[in-house]
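Structure first, commentary second.
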C-alpha cells in the first residue's frame with residue numbers, strides 16, 4: 001500500500017509539472033539554437049555598411065511555427081537587401097522557446113554579439129520581457145508580431161499610461177483588432193446576434209475578446225453566447241457550438257489562431273450549424289493547412305493585414321521565394337517580419353546609419369525615423385507609427401470564397 | 001435532448017481518452033512504470049498514418065497497419081535504449097527518462113515534419129452525415145465514436161484474454177507480481193517487458209489514428225495533452241486495471257463535457273481534476289483498482 005501510494009503521489013506530482021510545462025507553451029528541451037545569415041562578401045569596397053540585427057522567437061516547442069516563420073522571412077529579406085547596394089544587414093536569430101526567461105538569456109547572447117538593432121521577440125510574453133531589456137539598454141526594437149499592449153507599455157498603471165519610447169510593433173495591437181472587428185460587423189450589417197468563442201489562457205485571444213465585447217456593447221451588437229477553451233481542452237467544441245446555436249447567434253467571432261478554428265468548423269458542420277464566421281489575423285493560414293477541407297471555411301470573414309493569395313507583385317515574389325525555400329506558404333508572421341527588415345532598411349538608409357555607430361546612437365536615429373516616416377510593405381501601404389510604438393495600418397476585410405481569400409473593400 | 005447530446009459528446013471524448021488509457025494502464029500494470037512517452041508514440045502513429053494515406057495515397061487500412069507496425073518497432077527500440085538500462089534503477093529515474101523520451105519524440109517530430117499543423121484525413125466519416133441520426137436528426141452519434149468504443153471493447157477483451165490465458169500473458173502477470181521471483185522461475189523478464197512495450201505501442205498507434213479521426217488537427221504536440229488526460233483517466237479508473245481504464249476514460253470525458261455545458265467553460269478542467277482528487281481521497285486505488293496489501 002505504502003509503495004503504491006508513493007508511486008501514485010509521485011506520478012500525480014509529475015503530471016502537474018508536465019501540465020505546468022505544457023501551459024507555458026510546451027517548451028522543448030533543445031537549448032539555444034542559433035542561426036546566422038552569412039555576411040555577404042563585401043566586394044563593393046569600403047562603402048558597405050553592415051548593421052547587426054538580432055531577434056528571438058520560438059524555433060522549437062509548441063509555438064515554433066511562429067518563430068520559424070519570422071526567422072525564415074527575415075532571412076529572405078536580409079538576403080535581398082544584401083544583394084543591393086547600400087546598407088547591409090547581418091541577422092542573428094536566437095531560440096526562446098516561447099519562454100520569457102529564455103528570451104532574456106537569448107537577448108543577452110545577442111547583446112554580447114554586438115546587436116545594434118533588435119527585432120524584439122516573436123510572441124507576446126517573451127517580448128514583454130525583452131522589451132524591458134531593450135528599453136533599459138537603449139537598443140531600438142521593432143517586433144514583427146508581439147501584439148500585446150504590454151509590449152509597448154512602460155507603466156500601464158500610470159495615468160496617462162506611459163510607453164517605452166524605443167519599442168515599436170509591426171502588427172496591430174490586440175485591442176485594435178477587437179474593436180475593428182466589432183465595428184466591421186456592425187458597419188456591414190453582418191449580424192445582430194453574435195457569439196464569441198475565445199481562448200482563456202492566451203493573452204492574444206483575451207485582448208481581442210475584451211475590446212470586441214466592449215465595442216460590440218457600444219454599437220448595440222448583442223453578444224448572446226460567450227464561451228471559452230484553453231490548451232488543455234482544445235479538442236472538443238461541441239458545448240461551445242451548441243451554446244451559440246441554441247441562443248440563435250447569426251455570427252460567431254473567433255479571436256484565435258487557425259488550428260482550433262479548423263476543429264470548430266469541422267464540429268459545427270457535424271452539428272448542422274452554419275452561422276457566419278468571423279476571424280482575426282490568426283485565422284490567416286487556414287487555407288494552407290495541409291489536408292484541410294477548404295469547403296469548411298467557405299464564407300469565413302476575416303480582418304487581416306496580409307493575404308498570401310494577393311496578386312500584388314511584391315507579395316507574389318515573396319510568397320514564391322518563401323515557398324521555394326521552406327516548402328510552406330508564408331503566414332502573416334512571416335510577412336510582418338519581412339516588413340520589419342525592410343522598414344529598418346528604409347529607416348537606416350534615411351538616417352545614414354553607419355556600422356560603427358553604437359546601439360544607443362542607432363536607437364535615437366531610429367526613434368526619429370519611425371515616428372516620422374511612412375512605410376509601404378506587404379502588410380499595408382502608408383504605415384505610420386506614433387510615439388507609443390503602435391502601428392497605424394488598415395486591416396483588410398476578406399472573405400473566403402471557393403477556397404481563396406477575396407478582398408471585401 | 002440537449003443533455004443527451006452533451007452525453008454523447010462526452011462519451012465520444014471519453015472513448016478517445018479510454019483507448020489511450022488502455023495503453024498506459026497495460027504498461028503500468030505489467031512493467032510497473034509510467035510511460036509518459038505514450039502520448040508521443042500516439043502522435044508518431046498518427047503522423048505515420050497521415051503520411052501513408054494523404055501523401056502516398058495508400059488505402060486507409062494499410063495506413064493503420066503501417067502505423068501499428070512502426071509504432072511497435074518504435075516502442076521496442078525506446079524500451080531497449082532508454083528503459084532497459086534502468087531496470088534496476090529507482091522508479092524515479094525511469095519516470096524522468098520517460099519524460100525525456102517524450103520531449104525527444106516531440107522535438108524529433110518537429111524537425112522531421114515541421115510544426116505546421118496537418119489535418120488528418122477523415123476516412124472514418126462514412127456517408128453524408130458521418131454518423132447515425134436519431135429522433136429526426138436531433139441526436140447524432142458519429143461513426144468515429146462508435147468505432148472508437150468498439151475498438152476499446154475489443155482491445156479490452158483481447159488484452160484480458162491475452163494476459164489471462166496465454167503463456168506470454170502468464171509471464172507478464174508473473175513479472176508484474178515479482179520480477180525477481182519470475183526470473184528464478186525461468187521467465188525471461190527482459191523479453192516479457194519488451195513484448196509489453198510492443199503491445200502498448202501498437203495500441204498507441206490505433207489510439208493515435210482514432211484520436212486524430214475524432215479531432216483532426218495534427219501537430220508534434222498532439223499526443224501530449226490527451227496523453228496526460230488519459231493518464232488521469234487511468235488513475236481515476238484504477239491504474240493497472242484494464243476495465244478501469246475504460247471506465248475512467250469514459251467518465252472523465254463525460255464529466256468534462258457536462259462541466260463545460262452546465263457549470264462553466266472556463267472552469268471545466270478545474271472541475272475534472274477536483275473530481276479526480278475527491279475520488280482518490282475516498283478510494284485511493286481508483287474506481288476499479290484493487291487494494292494492494294504489502295507484506296512485510
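The values are calculated or read from the model by the stated rules, or taken from the named source; none is laboratory data. Predicted model only: the values in this text are computed from it and were never measured. Note that we place each Cβ from the backbone using ideal geometry, even for glycine, and neighbour counts take in every protein chain shown.
Within the stretch B:270-296, the set of residues being at pLDDT 85 or above and more than 17 Å from residue B:240 (Cα to Cα) comprises B:270, B:271, B:272, B:273, B:274, B:275, B:277, B:278, B:281, B:282.
Within the stretch A:346-357, identify whether any single residue is assigned to a helix (DSSP H, G or I), assigned by TED's automatic domain parsing to the domain that holds residue A:65 and in contact (Cβ under 8 Å) with a residue 40 or more places away in the chain, and answer yes or no.
Checking the stretch A:346-357: at least one residue is assigned to a helix (DSSP H, G or I), assigned by TED's automatic domain parsing to the domain that holds residue A:65 and in contact (Cβ under 8 Å) with a residue 40 or more places away in the chain.
Give me the residue from the stretch A:341-357 that is out of contact with any helix residue (DSSP H, G or I) (no Cβ under 7 Å at 6 or more places or on another chain) and at pLDDT 90 or above and, out of that set, surrounded by the fewest Cβ atoms within 10 Å (Cβ to Cβ). Out of the qualifying residues, it is A:349. Kindly indicate whether any position in the stretch B:150-171 is within 14 Å of chain A (Cβ to nearest Cβ), out of contact with any strand residue (DSSP E or B) (no Cβ under 8 Å at 6 or more places or on another chain) and either buried (at least 23 other Cβ atoms within 10 Å of the Cβ) or under 27 Å from residue B:284 (Cα atoms) (or both). Within the stretch B:150-171 (the criterion being within 14 Å of chain A (Cβ to nearest Cβ), out of contact with any strand residue (DSSP E or B) (no Cβ under 8 Å at 6 or more places or on another chain) and either buried (at least 23 other Cβ atoms within 10 Å of the Cβ) or under 27 Å from residue B:284 (Cα atoms) (or both)), the answer is no, since none of the residues qualifies. Scanning the stretch A:151-163 for residues that are in contact with a helix residue (DSSP H, G or I) (Cβ under 8 Å, 6 or more places away or on another chain) and surrounded by fewer than 20 Cβ atoms within 10 Å (Cβ to Cβ) yields A:154, A:156.
Applying the condition of being in a loop (DSSP other than H, G, I, E, B) and touching a strand residue (DSSP E or B) at 6+ places or on another chain (Cβ under 7 Å) to the stretch A:80-122 and asking which residue is nearest to residue A:169 (Cα to Cα) yields A:122. If you filter the stretch B:93-114 down to residues that are within 11 Å of chain A (Cβ to nearest Cβ) and over 19 Å from residue B:227 (Cα atoms), you find that the one that is nearest to the chain's Cα centre (by Cα) is B:113. When you look at residue A:318, is it at pLDDT 80 or above, away from chain B (no Cβ under 14 Å) and either under 18 Å from residue A:268 (Cβ atoms) or assigned to a loop (DSSP other than H, G, I, E, B) (or both), yes or no? No, not satisfied. Selection within the stretch A:170-189: residues that are assigned to a loop (DSSP other than H, G, I, E, B) and surrounded by 24 or more Cβ atoms within 10 Å (Cβ to Cβ). The member of this set that is modelled with the lowest pLDDT is A:172.
When we screen A:231, A:155, A:165 for residues that are over 24 Å from residue B:6 (Cβ atoms) and modelled with pLDDT under 90, the only hit is A:155. What number of residues in the stretch B:24-42 are assigned to a helix (DSSP H, G or I) and at pLDDT below 90? Of the residues in the stretch B:24-42, 8 are assigned to a helix (DSSP H, G or I) and at pLDDT below 90.
Mind checking whether some residue in the stretch B:186-195 is crowded, with 19+ Cβ neighbours inside 10 Å, in contact (Cβ under 8 Å) with a residue 12 or more places away in the chain and within 13 Å of chain A (Cβ to nearest Cβ)? So far as the stretch B:186-195 goes, no, none of its residues is crowded, with 19+ Cβ neighbours inside 10 Å, in contact (Cβ under 8 Å) with a residue 12 or more places away in the chain and within 13 Å of chain A (Cβ to nearest Cβ).
Residue by residue, here is whether (1) farther than 14 Å from residue B:10 by Cβ; (2) surrounded by 24 or more Cβ atoms within 10 Å (Cβ to Cβ); (3) without any contact (Cβ under 8 Å) to a residue 40 or more places away in the chain; (4) at the interface with chain A (Cβ under 9 Å from one of its Cβ atoms) holds:
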site: B:235; (1), (2), (3), (4): yes, yes, no, yes
site: B:239; (1), (2), (3), (4): yes, yes, no, yes
site: B:248; (1), (2), (3), (4): no, yes, no, no
site: B:254; (1), (2), (3), (4): no, no, no, no
site: B:257; (1), (2), (3), (4): no, yes, no, yes
site: B:260; (1), (2), (3), (4): no, yes, yes, yes
site: B:267; (1), (2), (3), (4): yes, no, yes, no
site: B:270; (1), (2), (3), (4): yes, no, yes, no
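Screening residue A:145 on (1) touching a strand residue (DSSP E or B) at 6+ places or on another chain (Cβ under 8 Å); (2) in a loop (DSSP other than H, G, I, E, B); (3) in contact (Cβ under 8 Å) with a residue 60 or more places away in the chain shows it passes everything except condition (1).
For residue B:8, the requirement of being within 14 Å of chain A (Cβ to nearest Cβ), at pLDDT below 90 and surrounded by 19 or more Cβ atoms within 10 Å (Cβ to Cβ) is met.
State yes or no: is residue B:22 surrounded by 18 or more Cβ atoms within 10 Å (Cβ to Cβ), within 13 Å of chain A (Cβ to nearest Cβ), under 16 Å from the mean Cα position of the chain (by Cα) and closer than 21 Å to residue B:175 by Cβ? Criteria not met by residue B:22.
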